[in-house]
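**Q** Just passing along the structure, written as structure tokens.
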Amino acid sequence: MPDVIFKHRLDHRQPTVLSLPRDHQVVLVGPQGGHPHAWIRQPAKPTGKTVTCTLTIVGTGDTFDSAAVHVGSYQDGRFIWHVLQT
């Protein structure tokens with residue numbers, strides 16, 4: 001079955017909540033056009049239930065929930081940002 005990659009805009013100020021197929025995968029995070037984004041791989045024709053995916057951006061040195069999974073980091077100007085999934 002074919003897959004597809006979709007781009008999702010993220011918010012620096014608050015977590016971004018997405019409804020995604022259970023078998024999704026974050027493949028890249030980074031800035032584009034002055035805003036942070038996540039590129040997420042998923043089935044082109046998803047079947048089954050979706051899951052709620054929360055992506056949160058934190059800066060180097062910031063604290064975060066130890067249950068969060070790191071899905072990528074990127075540089076934007078002089079700052080390094082880290083994207084966590086819960």
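**Q** Need the failing condition index for Ser19 against (1) among the small types (Gly, Ala, Ser); (2) more than 16 Å from His82 (Cα to Cα); (3) assigned to a loop (DSSP other than H, G, I, E, B), just the number.
**A** (3) is the only condition that Ser19 fails.
**Q** Looking at Val29, Val83, Val4, Val17, can you tell me which residue is among the aliphatic types (A, V, I, L, M) and in contact (Cβ under 8 Å) with a residue 60 or more places away in the chain?
**A** Just a single option satisfies the conditions, and that option is Val83.
Just so you know, all these numbers are worked out from the coordinates, no wet-lab data involved. All values reported here derive from a predicted model rather than from experimental measurement. Positions of Cβ are generated from backbone atoms using ideal geometry, with glycine treated the same way; all protein chains shown enter the neighbour counts.
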